[in-house]
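Asker: I am attaching a structure below and will ask some questions about it afterwards.
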Amino acid sequence: MSDLFTELTAPNGHKYTQPRGLFINNEFVKAQSGQTIASINPSDESEITSVHAAGPEDVNAAVSAARKAFEDPSWRDIDTNARADLLYKFAELIEKHRETLATIETWDNGKPYSVSYNDDLAEVISTIKYYAGYANKIHGQVIDTSPAKLAYTVRQPLGVCGQIIPWNFPLAMAAWKLGPALCTGNTIVMKAAEQTPLSILYLATLVKEAGFPPGVVNILNGEGRVAGAALAKHEGVDKIAFTGSTATGKEIMKMAAVNMKNITLETGGKSPLLVFEDADLDQAVKWAHVGIMYNQGQVCTATSRILVHESVYDKFVSEFKKYVSQVSVVGDPFSDSTFQGPQVTKAQYERVLSYIEAGKADGAELVHGGQPHKDVNGKGFFIAPTIFTNVKDDMRIYREEVFGPFVVISSFKTEEEAIERANDTTYGLGAALFTENITRGHRVARRIEAGMVWINSSNDSDVRIPFGGVKQSGIGRELGEAGLEAYTNVKAIHVNLGNRL
Ligand code: NAI
Ligand code: MG
């Protein structure tokens, strides 16, 4: 493959130029590794195109570019108003190219076009704008001690940040990491997920057009265990920010130890959704549906474990089943009526099917779905939305993250039991609870071991509000003001004003 660009026409008729190279120093270049990655359309299993895949030598080149850019006065000493302008310009360009970006995202990932366009791209634009607004509001403090001393702090960028992103929200996860890192003056080597290599390369063209100096943002595709590992181990990288599986997060922690990198990890979950006897059941049903079935169930915060008070259990199950069969329309992601597209890859498809088998083998009751969905075109990685009931706490489907349109439902007797069982997991990302009792809502929210709790909703997320997990769901926070902490060091400066020793 010699071409660094290719003209493509997407299934919705949209024509555009797809870059295929590695984006280093504001240019697309060939991989020295000679490796490529095929990008697959999960709706029909066809190859869209292939892209260059970074090897360790390419990672070295990108890290060198980022280091040089970090030390270059054009970025290091930039007026923070100008830094804000660059980010605003970037956001405007993303808005201008929204249709192309949403098209690529749907083609490569399989999420419905309406979701790509209305949700993912809205998220990307608002995140970049939000952090553009912070670029000229990063400041330290003056700390009074005595007249003989002036002490103050400055907040400085960390340096070269390695950012490893997943395939479930490729552009949105890129924006969550680019926004705070750039507004605080860092430089970046981002590695996209090998399952969705395309949209990020198109975004790279807008980085250049916005006017960021060469080397400030470098974007690589490549295999996790090759390019991702090379980045995590690299002595020239100051920070690793990662979103993905808990297992890979642990590997990254080990590799990052080589030079004691600053780390932010956002990993897996098995988030509970509690329905108390005093809940508004219509609301609980709607949110429980979107909480697990949105984005083909490929959401780290998906409320995949539903616990319902025994007095409303049967009613909830029957209403939920009805709602899922009405609303979870599986189909071509470019069709307006589609709620659920295919799983992102054959591997993810097979993983979900294997959990369906595990649920059956362990004796849980399958009440909806439980098989591939073959009605789209006979091909593709489509799975019928799946519900298991009468699930026991020791079953694999109750304990492990499935990452698909797959939910387990169980019942509880008391509030205390509900809290204990909600917390009986190695994860701690999100948790939802439904009650009309305001006191209970806040009381239970405090006791749940999770980074985020939703009272009477599920998976509510906002760029202004911190996002992240406890326990084995991660370290650190993204988004909001809290997200800035992941990208600055506080330096203390002591000035002797008197004649102290
Ligand atoms: P993964 O965690 O292996 O991949 C995520 C990112 O990490 C990708 O960019 C990948 O290339 C990179 N990576 C993989 N191995 C690496 C290594 N040794 N060193 C450095 N980087 C590495 O996740 P995968 O295999 O794609 O999916 C498996 C499961 O992970 C899913 O079924 C789901 O349960 C979970 N997952 C969770 C996500 C979340 O949003 N928290 C996103 C993606 C997956
Ligand atoms: Mg793909």
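Here's the yes/no breakdown for (1) hydrophobic (A, V, I, L, M, F, W, C); (2) touching a residue at least 40 places away in the same chain (Cβ under 8 Å):
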| site | (1), (2) |
| --- | --- |
| Glu95 | no, no |
| Arg98 | no, no |
| Glu123 | no, yes |
| Asn136 | no, yes |
| Leu150 | yes, yes |
| Gln156 | no, yes |
| Asn168 | no, yes |
| Ala172 | yes, yes |
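Asker: Looking at region 420-461, which of its residues are under 21 Å from Glu400 (Cβ atoms) and of a type in the set (A, V, I, L, M, F, W, C)?
Answerer: Ala422, Leu429, Ala431, Ala432, Ile448, Ala450, Met452, listed by residue number.
Asker: Hey, another quick one. What's the total number of residues in region 268-296 that are open to solvent by less than 10 Å² (accessible area, probe 1.4 Å) and either in contact (Cβ under 8 Å) with a residue 40 or more places away in the chain or among the basic types (Lys, Arg) (or both)?
Answerer: 16
Asker: Applying the selection to region 184-203, what residues are in a loop (DSSP other than H, G, I, E, B) and more than 16 Å from ligand 1 (Cβ to nearest atom)?
Answerer: Thr184, Gly185, Asn186
Asker: For residues that are in contact (Cβ under 8 Å) with a residue 40 or more places away in the chain and either within 16 Å of ligand 2 (Cβ to nearest atom) or crowded, with 23+ Cβ neighbours inside 10 Å (or both), tally how many sit in region 32-62.
Answerer: Number satisfying all stated conditions: 18.
Asker: Name the residues in region 205-259 that are farther than 26 Å from Cys183 by Cα, away from ligand 2 (no atom under 16 Å from the Cβ) and outside any helix (DSSP H, G or I), would you?
Answerer: Within region 205-259, just Ser245 meets the criteria.
Asker: Now, a different point. Of the residues Leu206, Leu231, only one is open to solvent by less than 10 Å² (accessible area, probe 1.4 Å) and more than 8 Å from ligand 1 (Cβ to nearest atom); which?
Answerer: Of the residues listed, the single one that is open to solvent by less than 10 Å² (accessible area, probe 1.4 Å) and more than 8 Å from ligand 1 (Cβ to nearest atom) is Leu206.
Asker: Among the residues of region 145-166, what is the count of those that are among the basic types (Lys, Arg) and within 30 Å of Phe403 (Cβ to Cβ)?
Answerer: 0
Asker: Further question on the same structure: Go through Lys346, Lys374, Lys322 for me and flag whichever is among the basic types (Lys, Arg) and modelled with pLDDT under 95.
Answerer: Lys374
Asker: Take region 144-183 and flag every residue that is part of a strand (DSSP E or B) and small (Gly, Ala, Ser).
Answerer: Across region 144-183, the qualifying residues are Ala151, Gly162.
Asker: Return the total of residues in region 394-427 being among the small types (Gly, Ala, Ser) and either assigned to a helix (DSSP H, G or I) or closer than 22 Å to Arg351 by Cα (or both).
Answerer: 3
Asker: I'm checking my understanding of the structure. Among residues of region 297-320 that are among the acidic types (Asp, Glu) and without any contact (Cβ under 8 Å) to a residue 40 or more places away in the chain, which one is surrounded by the most Cβ atoms within 10 Å (Cβ to Cβ)?
Answerer: Glu319
Asker: Failed condition for Asp362, given (1) touching an Asp or Glu at 6+ places or on another chain (Cβ under 9 Å); (2) open to solvent by less than 70 Å² (accessible area, probe 1.4 Å); (3) not hydroxyl-bearing (Ser, Thr, Tyr), with all others met?
Answerer: (2)
Asker: If you don't mind, another one. Restricting to region 91-119, and then to whatever is more than 16 Å from ligand 1 (Cβ to nearest atom) and outside any helix (DSSP H, G or I), can you tell me which residue is surrounded by the most Cβ atoms within 10 Å (Cβ to Cβ)?
Answerer: Here the residue is Pro112.
Asker: Now for a separate question. Could you give me the residue pairs with C-beta distances under 7 Å whose first residue belongs to region 330-351 and is farther than 14 Å from Gly297 by Cβ, whose second residue is among the basic types (Lys, Arg) wherever it lies, and which are 6+ apart or on separate chains?
Answerer: Pro333/Lys111
Asker: Just a yes or no: is a residue in region 397-410 free of Cβ contacts under 8 Å to residues at least 60 places away in the same chain and touching a Phe, Trp or Tyr at 6+ places or on another chain (Cβ under 7 Å)?
Answerer: Yes, that holds for at least one residue.
The values are calculated or read from the model by the stated rules, or taken from the named source; none is laboratory data. Computed from a prediction, not measured in an experiment: that's the story for all the values here. No Cβ is skipped: glycine too gets one built from the backbone with ideal geometry, and neighbour counts run over all protein chains shown. Surface accessibility is based on the protein's heavy atoms, side chains included, excluding ligands, DNA and RNA. Shrake-Rupley method; radii C 1.70, N 1.55, O 1.52, S 1.80 Å.
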